[in-house]
Amino acid sequence: MTSISVSKATHEVMTTERVSALTNMAQKDSALISQLDKEISDAGAQANDLRARGMVSKALELEESVSSRAAAQRAQALARLNAGSLEIAHIKSGVAKASSLTPLLAQFLCLGFAMSLEIVPALILAGVRSSGRSSTGVVASEAIETPSLGIEATGLPEGVTETPETPKTGETLPDSNAEILKTLVAQAKTLAPGTPVRLKEFAKNSRIGNLRAGEIFRKAETLGVIKKTTIGYVAA
């Protein structure tokens, strides 16, 4: 705001001085034109007097010399007057436009510019933060939707991996877990105590999955025909 006021004051001083100089020059040119007109008039009177005395040639010489010199100077003065008038009009119109910017309006313009310097960077920063949060949310949702391999393996005995379960058909599988459990119990009774009973091998022979075999082994353990140790299931 201070710089605007200083610039405006400087402009007013410069234009005022220029207008004053042009006005003084116009006054001098106006006085010169009046003087030249008087010289032409006086020369005409003298030429008439010379003609009255019979000096026609001298009268013509006087009129030509004075009129040619005065006409040239008069034309130059008129040109300066016209140029000065146009420049004064241009300066005054510029001053009028500049004066239309009131101090209150200048303050509002400065305030708006200052606010834009603070608001625009804040909006850009907020947009960047929002974009970063959206990207984080997408990554998190993808991680939640992706199934975990560790979850599927929960419930299997240590050292046992999942074996794809053979599709159930009437020719390949017994009717229920009860029949498979009977087979496991019968097999365990034929083994000496402490003999390993391989869950994976039993699942393969019974053509069932490891998860289903694990459930049957736990039921057999509750019946006391097998027991679980650090090395796996063994006959009881």
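For the reader, a short list of remarks on this structure follows.
- Of all residues in the range 13-26, those that are in the same structural domain as residue 88 (by TED's automatic domain parsing) and farther than 13 Å from residue 89 by Cα have Cβ atoms under 9 Å from Cβ atoms of residues that are assigned to a helix (DSSP H, G or I) and basic (Lys, Arg), 6 or more apart or on another chain, in 25/80; 26/80.
- Residues of the range 71-114 satisfying the condition of being among the basic types (Lys, Arg), within 18 Å of residue 24 (Cβ to Cβ) and modelled with pLDDT under 90: 92
- Annotation: of all residues in the range 189-236 being assigned to a loop (DSSP other than H, G, I, E, B) and closer than 19 Å to residue 179 by Cβ, the one that is farthest from the chain's Cα centre (by Cα) is 190.
The values are calculated or read from the model by the stated rules, or taken from the named source; none is laboratory data. Bear in mind the structure is a predicted one, so any value in this text is a computation, not a measurement. Backbone-built Cβ (ideal geometry, glycine too); neighbour counts: all protein chains shown.
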